[in-house]
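Asks: Below is one structure. I have some questions about it.
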Amino acid sequence: MNRLFFTGRVAATPVLSNHGDSKVAKFTLISNEYAGRDEGSGETKERQVRIQFTAFGSRGEVIARNVLKGDQLIVEAKLSNNDYLDGQGVERYGYNFTVDSFEFGAPGEPRRAQLARRQE
């Protein structure tokens with residue numbers, strides 16, 4: 001089994017939906033990774049990486065209820081194929097990162113503002 005670990009900031013507040021009898025939360029993590037050095041200035045360059053995740057059942061409910069845009073999440077996920085035939089009968093290949101476990105990291109700006117209002 002694939003066990004993959006990711007750390008990043010949530011791109012937008014997760015969306016919770018129904019999938020049969022189960023709840024499903026979808027969210028995207030953003031992180032920056034090293035992308036070399038600028039030839040002219042020698043400064044370090046970074047590129048933004050976005051990865052979409054799916055969390056089922058109680059994991060999805062907890063994430064949707066407690067995570068806001070900008071919050072940091074540490075996610076353990078498994079990679080699975082998401083192949084299908086499109087409307088024209090062409091086979092499309094994809095993948096899905098399914099959350100196995102997660103931990104809350106540092107709060108993002110919206111969460112910090114929310115916490116500050118509570119302390120007033």
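Here, each number is a calculation from the coordinates, and none is a lab measurement. If you're wondering where the values come from, they're calculated on a predicted model, not measured in any experiment. Glycine also receives a Cβ, built like all others from the backbone with ideal geometry; neighbour counts cover every protein chain displayed.
Asks: Might you check whether a residue that is touching a residue at least 40 places away in the same chain (Cβ under 8 Å), of a type in the set (Gly, Ala, Ser) and under 24 Å from Glu109 (Cβ atoms) occurs anywhere in region 31-47?
Replies: No - not one qualifying residue is present in region 31-47.
Asks: Name the single residue that is surrounded by the most Cβ atoms within 10 Å (Cβ to Cβ) among those in region 72-110 being closer than 24 Å to Phe56 by Cα and touching a Gly at 6+ places or on another chain (Cβ under 7 Å).
Replies: Leu73
Asks: Restricting the search to region 1-17, which residues are surrounded by fewer than 12 Cβ atoms within 10 Å (Cβ to Cβ), within 12 Å of Ala64 (Cβ to Cβ) and of a type outside the set (Val, Ile, Thr)?
Replies: In the first step, residues of region 1-17 are kept if they are surrounded by fewer than 12 Cβ atoms within 10 Å (Cβ to Cβ); the result is 1-3, 5, 15, 17.
Now restrict to residues that are within 12 Å of Ala64 (Cβ to Cβ): 15, 17.
The answer is Ser17, and nothing else.
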